[in-house]
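The values are calculated or read from the model by the stated rules, or taken from the named source; none is laboratory data. Quick caveat: nothing in here was measured; it's all calculated off a predicted structure. Ideal geometry is used to build each Cβ from the backbone, glycine not excepted, and the neighbour counts take in all protein chains shown. These accessible areas exclude ligands, DNA and RNA; they are computed on the full protein's heavy atoms, side chains included. Shrake-Rupley method; radii C 1.70, N 1.55, O 1.52, S 1.80 Å.
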Amino acid sequence: MQVVGYESGEGLYVASGGAVEFVEADAGTELAYGLDDRRCAGTVHDGEHVACDAPEAPYCDAHGSVWVCARCTGTCLKDEMDCHEEHALYLAAFAPDVLKVGVTRLWRLETRLREQGADRAAHVRTFPDGRVARRVEAELAEGDDLVDRVRVPTKLAGFGRAVDESAWEALLDRFDPIERFDFDYGLDLDERPVAETMAAGTVRGWKGRVLVLDRGGSTYAVDARELVGRELADEVPDRELQSSLGAFGE
């Protein structure tokens with residue numbers, strides 16, 4: 001039984017013998033899996049899982065894919081441009097003070113922001129296609145105050161912390177936002193959870209692709225992508241886990 005994918009905020013896709021099952025992991029769910037070896041998660045074709053024995057994880061070269069549009073800066077990298085629909089340029093804040101600029105298809109805007117785990121966001125421009133939007137995004141990302149990518153460890157550092165509102169408002173003063181977003185993921189964190197790779201505990205919730213679990217009196221943050229490719233065991237190992245107490249110590 002192998003983890004072959006996930007849905008942020010919802011659960012994990014698990015494959016066994018070619019069949020794919022969705023394991024719910026919403027708030028309050030009890031997960032009780034141990035983790036074994038990790039290898040390529042293979043692929044899912046026509047609803048069936050095609051396994052792969054390659055040791056690279058989460059995907060080997062044959063099964064890994066990089067969405068070419070994610071690398072676009074306004075010059076199309078495809079044989080033929082196909083992003084002929086409205087795109088939104090957005091700003092996002094990740095606690096405490098990381099500010100990001102990004103682009104997504106207009107109809108996916110709020111979904112995309114939640115997938116990233118943004119704390120605050122603003123839709124600031126709408127463009128007729130993706131190419132024009134990516135050009136503006138690239139120009140803004142060249143400045144000193146905005147990034148176009150935020151890694152999971154950086155996001156984790158802001159869990160349980162508040163957004164620097166003065167920095168956020170100062171950024172928005174430069175634009176005339178079309179719509180503003182203030183996200184609450186319902187995690188109710190008093191301190192930053194401990195980063196771990198595990199699949200056992202009570203689900204507190206999700207923030208982007210980070211699954212937050214309560215276990216043994218402590219709270220843990222699991223990057224769901226780090227679970228992809230893992231073999232699951234029915235028995236949870238009784239190993240010592242780092243306690244969240246003092247997790248913020250410098």
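Quick check on the range 173-188: of everything there that is without any contact (Cβ under 8 Å) to a residue 40 or more places away in the chain and surrounded by fewer than 12 Cβ atoms within 10 Å (Cβ to Cβ), which residue is nearest to R114 (Cα to Cα)? Result: D184. Here F159 does not fit the description of being under 22 Å from E179 (Cβ atoms), of a type in the set (F, W, Y), in contact with a Lys or Arg (Cβ under 7 Å, 6 or more places away or on another chain) and crowded, with 16+ Cβ neighbours inside 10 Å.
Close Cβ contacts (under 7 Å, 6 or more residues apart or on different chains) running from residues in the range 115-128 that are within 9 Å of F94 (Cα to Cα) and part of a loop (DSSP other than H, G, I, E, B) to residues that are open to solvent by less than 10 Å² (accessible area, probe 1.4 Å) and aromatic (F, W, Y) comprise A118/F94; D119/F94. S166 fulfils the conditions (1) touching a residue at least 40 places away in the same chain (Cβ under 8 Å); (2) among the polar types (S, T, N, Q); (3) more than 24 Å from L35 (Cβ to Cβ) except for a single criterion, (1).
From the list T111, T126, the lone residue that is under 30 Å from L213 (Cβ atoms), of a type in the set (S, T, N, Q) and at pLDDT 95 or above is T111. For D53, are the conditions met, namely being open to solvent by 90 Å² or more (accessible area, probe 1.4 Å), at pLDDT below 90 and not small (G, A, S)? Criteria not met by D53.
Can we say L156 is in contact with a helix residue (DSSP H, G or I) (Cβ under 6 Å, 6 or more places away or on another chain) and either aliphatic (A, V, I, L, M) or within 29 Å of Y220 (Cβ to Cβ) (or both)? Here the answer is no, as L156 does not meet what is asked. Selection of the range 117-135 for residues being open to solvent by 10 Å² or more (accessible area, probe 1.4 Å) and in contact with a Gly (Cβ under 8 Å, 6 or more places away or on another chain) yields D119, R131, V132, R134, R135. Highlighted here are the strands (runs of 3 or more DSSP E) found entirely within the range 133-250 that include at least 1 residues which are at pLDDT 95 or above, within 30 Å of A54 (Cβ to Cβ) and of a type in the set (K, R): 230-233.
Return the only residue of G47, G18, G64, G9 being in contact with a strand residue (DSSP E or B) (Cβ under 7 Å, 6 or more places away or on another chain), more than 28 Å from D238 (Cα to Cα), modelled with pLDDT under 95 and open to solvent by less than 40 Å² (accessible area, probe 1.4 Å). Testing whether each residue is in contact with a strand residue (DSSP E or B) (Cβ under 7 Å, 6 or more places away or on another chain), more than 28 Å from D238 (Cα to Cα), modelled with pLDDT under 95 and open to solvent by less than 40 Å² (accessible area, probe 1.4 Å) leaves just G18.
Considering only residues in the range 22-44 that are open to solvent by less than 70 Å² (accessible area, probe 1.4 Å) and of a type in the set (A, V, I, L, M), the one that is nearest to L211 (Cα to Cα) turns out to be A25. Within the range 198-220, being crowded, with 22+ Cβ neighbours inside 10 Å, free of Cβ contacts under 8 Å to residues at least 60 places away in the same chain and not hydrophobic (A, V, I, L, M, F, W, C) holds for T219, Y220.
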